[in-house]
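Here is the structure we will look at, set down as structure tokens.
What follows is calculated from the coordinates using simple rules that are stated; it is not laboratory data. Here the structure is a predicted model, which is why all the values come from computation and not from measurement. So basically every Cβ, Gly included, is an ideal-geometry build from the backbone, and we count neighbours across all protein chains shown.
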């Protein structure tokens, strides 16, 4: 394999930073971000969000003036029940880009994945059943990005109001994880 075919992998984790916001494109006062490493345990973060919402995690940093997403994107998300038994019927994960002029484009997607999971709630211990959904996206028809573009991960779910999407600042569990192959 030649050096031109080698890919670097951008491994990112999703968080909801309470006290840090980013403004970029249509992401105004945005708290949900992707980062390459976990932050201090003392940082103020939100542990989860309603899974029924469209959750978008922005990677607000420059990568290079021009680069390519190419290969197989992989990762996972973590969902659980809270306060009552919940049902998840399907989910969809997308890698998108946002330009500073607010141009928005979906680059790659898993499509809707049917799961039909019932997540139990144990009221005695206030603990919900948890499931990790792994995903892969074929990115062999590469996407070209410029220094003006920012990547973001979009998580959509068909579920009831008792399901939550986890994004804890805890490296033990890696609630939201994505590995993006880049050709620079």
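Restricted to region 122-156, and to residues there that are in contact (Cβ under 8 Å) with a residue 60 or more places away in the chain and within 18 Å of residue 47 (Cα to Cα), the residue that is surrounded by the fewest Cβ atoms within 10 Å (Cβ to Cβ) is 154. Applying the criterion of being touching a strand residue (DSSP E or B) at 6+ places or on another chain (Cβ under 8 Å), without any contact (Cβ under 8 Å) to a residue 60 or more places away in the chain and part of a strand (DSSP E or B) to the residues of region 21-49, the residue that is surrounded by the fewest Cβ atoms within 10 Å (Cβ to Cβ) is 29. Flag not set for residue 94, criterion: in contact (Cβ under 8 Å) with a residue 24 or more places away in the chain and within 17 Å of residue 48 (Cα to Cα). Evaluate the following for residue 119: is it without any contact (Cβ under 8 Å) to a residue 60 or more places away in the chain, buried (at least 19 other Cβ atoms within 10 Å of the Cβ), farther than 28 Å from residue 184 by Cα and in contact with a strand residue (DSSP E or B) (Cβ under 7 Å, 6 or more places away or on another chain)? It is true that residue 119 is without any contact (Cβ under 8 Å) to a residue 60 or more places away in the chain, buried (at least 19 other Cβ atoms within 10 Å of the Cβ), farther than 28 Å from residue 184 by Cα and in contact with a strand residue (DSSP E or B) (Cβ under 7 Å, 6 or more places away or on another chain).
In region 5-20, the residues that are without any contact (Cβ under 8 Å) to a residue 40 or more places away in the chain form Cβ pairs under 6 Å with partners that are surrounded by fewer than 18 Cβ atoms within 10 Å (Cβ to Cβ) and not in a strand (DSSP E or B), at six or more places apart or across chains, as follows: 18/44; 19/44. Only residues that are assigned to a strand (DSSP E or B) and buried (at least 18 other Cβ atoms within 10 Å of the Cβ) were counted across region 50-93, and they come to 20.
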